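Contents: one structure, followed by commentary.
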Amino acid sequence: MNISEFIISPIAGSVIGYFTNWLAIKMLFRPYEEKRLFGIKIPFTPGLIPKEKHRIAKKVGETVGEHLLSEEALVNALVDEKVLESLNHITANAFLYLRNNEESIDTILTKILGDHKNTSIEFIEEKFTGFILQKINDKEVLDGITLLIMNHIENILNRKLEDIPIENIIQDDFLQSDVFREWIVREIIEFKDRIQNEERSLSQIIPDTWVVSAKEFIRQYFPSLVSFFIDYMNKPSTQQTLKQILLELIQANLGKLALMFVDADKIYAKTIHYIEESMEKEEKREVLLKQIESFIDYALEKPLKEWADKIQLAEHINKIEDILNKVLFYFTREEHIAKLKIMIKEYMRKKDNITILSLINTITPNLIQDVHQWIKEYLRTLIQKEESAKKINLFISKEIKRFLEIPLSHFMKEIGKATEKKLQEIIIHYYKQMITNKSSDIITLLNIPHIVEKQIMDFETDYTEQIILSVVDRELKAITWLGGLLGFIIGFFPVLFNNL
C-alpha cells in the first residue's frame with residue numbers, strides 16, 4: 001500500500017472541490033460585463049446575476065409585492081398600535097408647535113410657497129368669488145336669500161303702529177333733508193301724471209276703513225287742525241298770497257271796477273274771525289264738520305281725472321319745490337312738529353291692534369308679493385353685473401388678508417384643548433379608515449413590485465454583489481469549504497477501492 005496515494009489524491013480532490021465552488025460563486029457576479037476575444041464572445045460572460053439582472057429584479061419585485069409586502073401585511077403594519085401611538089404623538093407635537101408659533105399665517109405661507117404665495121392667494125380668491133356667484137345664482141339659494149330678506153321686512157312691518165318711534169322719525173332735519181324733498185317732489189309729479197288719466201274714483205282706490213279713520217281723525221283733532229290752519233293763515237306771506245288770489249278772483253268775476261269797493265284786508269280778517277268764532281260754538285262746529293264730511297264723500301265719488309282738471313297742479317318742478325318749501329317751513333317749526341307728533345302718537349295709541357303690515361294690506365293687498373318678486377328680480381339682475389363680482393372679490397380679498405394677519409398661536413388657542421384632542425381622535429380615526437378601506441387603491445398606487453424592480457435595476461452590479469454577500473457571505477463560504485471537503489472525500493474513495 002502506497003501511503004502517498006492516500007494523501008495526494010484526497011488533497012487534490014479537496015483543492016479541486018474548493019476551487020470549483022469558489023469559481024462558481026464568483027461567476028454568479030463576475031465578470032460584470034460581456035467579454036470578447038478577437039470579436040468572439042467568451043462563454044459565461046457576463047456573470048449569471050448581471051446577465052439575468054432584469055429577470056431577477058422582476059421576480060424579486062413580484063415576490064416581495066405578493067408575499068412579503070402583501071396588502072394584508074401592509075394594512076396590519078400601518079394600523080398597528082405602535083404606529084397609531086406614534087401618529088398620535090406626532091399630531092400632539094404638531095399641535096404644540098402650532099400653539100406656540102407666534103408667526104402670522106401669511107409669514108408661514110411665504111416660507112412654504114415663496115414667490116408663489118400671491119399667485120396662490122389670487123387663485124383662491126377667484127375660486128371663492130366664482131363659487132359664491134354660482135351658488136347665489138342657483139334658484140334655491142336665490143329663493144332662500146329672497147325669503148330671508150322678506151322675513152326680515154315682514155318682522156319689521158308686523159310692529160304695531162304705537163311702537164313706531166315717531167319722535168325719532170319726524171325731525172326738523174329729516175323734513176328738510178334733500179332726500180325727503182326729492183322724494184316728495186317725485187311723488188307729486190308721478191301722482192299728477194297718474195291722476196290725469198285715472199278713470200277710477202277715490203272710493204274705488206281708498207279702502208272704506210281708511211275713509212272712516214280719516215273722518216274720525218278729523219273729528220277728534222278738528223280744533224287742533226283748525227289751530228294749525230289759522231296759524232298758517234295768519235302768516236304774512238300766506239296772507240299776502242291769499243289776498244292776491246281773492247283780488248284776482250273778484251276781478252275775474254266782477255271786473256276791475258269792483259276792486260274799488262273791496263277791502264281785501266277786512267274780508268280776510270272777517271274770514272279768519274268767523275272761523276275762530278265757529279270753532280267755539282258746538283253747533284257751528286258740527287255743521288262745518290258735516291260739510292267737510294259731505295265734501296269728502298263728494299270728492300270720493302268723482303273720477304280722479306276730473307279733480308286733476310279742476311285742480312291745476314304746478315306744471316314745473318320749480319313751482320312744486322316752491323310750494324313744498326313753504327309747507328315745510330311751517331311744519332318744521334319746533335312747536336308745530338311737537339303738536340304733530342302728539343297728534344300722530346295719540347292716533348296710533350288708539351289703533352293698538354293695527355300693524356304696519358295690516359295697514360299696507362288694506363291699501364295694496366298684493367304689495368308683499370310684489371315686493372318679494374321685485375327683490376328676487378333685483379337680486380338676479382344684481383348678480384349678473386360685473387360690479388357685483390368685483391365687490392364680492394374685494395370682500396373676499398379683505399377677509400383673506402385679515403385672516404392671514406392672525407398669528408397662528410392665536411388661531412390655535414381659539415380651538416382649545418378639548419377641540420385639539422377631538423381633532424387628534426378624528427385624524428387617527430380617518431387614518432385607520434383610509435388604510436382599511438382604501439388599501440387596494442394604496443397598494444395599486446404604490447406598485448411595490450415595480451418599486452423593488454426599479455430599485456434593483458438602478459443598483460450597480462458590484463453594489464448588488466455586496467448586498468447579497470452581506471446577507472449570505474457565511475453560507476457561500478460554507479459552500480466553498482463544503483466543496484473542498486467533498487473533493488477530499490471523493491479523492492479518498494478511488495485510492496481506497498484500488499487497494500482493496
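No lab work stands behind these numbers, since they all come straight from the coordinates. Small disclaimer: the values here were computed from a predicted structure and weren't measured. Neighbour counts are summed over all protein chains in view; Cβ atoms, including those assigned to glycine, are modelled from backbone coordinates with ideal geometry.
If you take the beta carbon distance between Lys284 and Ala338 as r and set R0 to 41 Å, what does 1/(1 + (r/R0)^6) give as a FRET efficiency, to the nearest 0.05? Working from the Cβ atoms, E equals 0.90. Legend: calculated FRET efficiency, Leu96 to His429, from the Cβ-Cβ distance at R0 = 25 Å, rounded to 0.05, equals 0.75. Summarised in one figure, the compactness ratio Rg/Rh of segment 92-135, Cα atoms and Kirkwood Rh, is 1.16. Modelled label positions at Phe497 and Thr271, each set 7 Å beyond Cα in the direction of Cβ, lie 16.1 nm from each other. A crude spin-label estimate for the pair Glu103 and Arg55, with each label 7 Å from Cα along the Cβ direction, gives 5.5 nm. The fewest-to-most ranking of Phe19, Phe228 by surrounding Cβ atoms within 10 Å reads Phe19, Phe228.
Cβ crowding within 10 Å ranks Thr355, Thr146 as Thr355, Thr146, fewest other Cβ atoms first.
Counting neighbouring beta carbons within 10 Å and listing from fewest to most, the residues Ser70, Ser14, Ser213 come out as Ser70, Ser213, Ser14. Size descriptors for segment 13-113, from the alpha-carbon set: Rg then Dmax equal 27.4, 80 Å.
In this simple spin-label approximation, Phe229 and Ile479 carry label points 7 Å from Cα along the Cα→Cβ vector, and these lie 12.9 nm apart. Subtracting the Cα-Cα distance of Leu300 and Thr209 from their residue separation scaled by 0.36 nm leaves 31.4 nm.
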